[in-house]
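Inspection log for the structure reproduced underneath, given as structure tokens.
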Amino acid sequence: MKNRRDFLKLSAAGSAGMMLLGPLSSCSSGTPDLKKYGVGLQLYTIRDAMGADPIGSLKKVSALGYKNLELASYTNGKFYGYAPAELKKIVADLGMDIISSHTQVEAAGISLDNAQKMADDHAELGVKYCIQPWVNEEDRTIEKYKQMIGDWNKVGEIMKEVGIQFGYHNHNFEFQNIDGIVPYYDLFMAEMDPNLITMEIDLFWVSKAGQDPIEMFNKYPGRFQLFHMKDMHTRQDPFFEVNKDDVCSVGEGVIDFKRILAAKEVAGMKYLFVEDDNQGNGKPFEGIETSINNITSKILS
């Protein structure tokens, strides 16, 4: 996951349910209009392509039928090198919407000025969500977690003032027991203000950690507004090793997404995003095409 940390470093600081609209309708050409399903893509999935050719990559994403985007590049007040208004227009012209953005609040903390700058830039972009996606390995201690959660609550309050919902995206490490404490349950869910921070649940990493998403939804109803959809080939120990080669396109593995999405109202889900940490094992666009086809034809049907 070092690549993710490097990719997300910042210079500054570092309706109910998604609109799942049922059957496909057809365009005049006879091609199914997959955008009507409102499926989103986390652009970290195609990060190399976005780095080389952002506009060309976004055109491909739109052509595949994705409607919503979650960004993964914010630095110096810009997104993928574009000012907020510029990128917003590019995406809108392609028939898509920017819903969310991953940004990193480092463990060293964030000043109120930096937090306000981050909030203002995202407000100009027009996103609904701003998500903390990662905690560096050296910061995964009880003391550091408590400090960061305090900072995130403050950031969440600043975001709320500009109309943005702050959130946290999990991996599997948050579920690993530390001296009798399971950080996700005993710290994150306990100390994050639910009015200021929602959870973006990554169904791959939750499943990898041996957790049942349905049980989580029942225990913390309404706290999971965003879903990350990626599948896995195997469901077995060890739960806390990182093996990104086990990531596969949605619908190609062992996760029962239909069961999980049946509980979306309990979870409080509003949007879902396809993500593949491993960029489709070298074929990112083929991977996201498989995911959206499976989601719209098998999982949401």
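The values are calculated or read from the model by the stated rules, or taken from the named source; none is laboratory data. Note that the structure is predicted; figures quoted are calculated from it, not measured. Cβ coordinates were reconstructed from backbone atoms using ideal geometry, including for glycine residues, and neighbour counts include every protein chain displayed.
Among ILE255, ILE214, which is the only one that is surrounded by 13 or more Cβ atoms within 10 Å (Cβ to Cβ), in contact with a strand residue (DSSP E or B) (Cβ under 8 Å, 6 or more places away or on another chain), at pLDDT 95 or above and farther than 18 Å from LEU41 by Cα?
ILE255
When both residues are 6+ apart or on different chains and their Cβ atoms are under 7 Å apart, which pairs have a first residue that lies in the stretch 90-104 and is more than 20 Å from TRP134 (Cβ to Cβ), and a second that is hydroxyl-bearing (Ser, Thr, Tyr) and buried (at least 19 other Cβ atoms within 10 Å of the Cβ)?
Within 7 Å, the pairs are MET96/TYR66.
Before we move on, is VAL155 part of a loop (DSSP other than H, G, I, E, B) and crowded, with 16+ Cβ neighbours inside 10 Å? Walk me through how you get there before you give the answer.
Details: part of a loop (DSSP other than H, G, I, E, B): no; crowded, with 16+ Cβ neighbours inside 10 Å: yes.
Considered against the rule, which asks whether it is part of a loop (DSSP other than H, G, I, E, B) and crowded, with 16+ Cβ neighbours inside 10 Å, VAL155 comes out as no.
Would you check which residues across the stretch 163-198 are assigned to a loop (DSSP other than H, G, I, E, B) and among the small types (Gly, Ala, Ser) and list them?
GLY163, GLY180
Residue under question is PHE224, and the condition is that it be assigned to a helix (DSSP H, G or I) and closer than 25 Å to CYS130 by Cβ; does it hold?
No.
For the stretch 180-201, which residues satisfy the criterion of being surrounded by fewer than 21 Cβ atoms within 10 Å (Cβ to Cβ) and more than 15 Å from LYS146 (Cα to Cα)? Before the answer, list the steps.
Step one: of the stretch 180-201, the residues surrounded by fewer than 21 Cβ atoms within 10 Å (Cβ to Cβ) are 180-182, 185-191, 193-196.
The answer is GLY180, PRO194, ASN195, LEU196.
Does the stretch 206-216 contain any residue that is in contact with a helix residue (DSSP H, G or I) (Cβ under 7 Å, 6 or more places away or on another chain), part of a loop (DSSP other than H, G, I, E, B) and among the charged types (D, E, K, R)?
Scanning the stretch 206-216 turns up no residue that is in contact with a helix residue (DSSP H, G or I) (Cβ under 7 Å, 6 or more places away or on another chain), part of a loop (DSSP other than H, G, I, E, B) and among the charged types (D, E, K, R).
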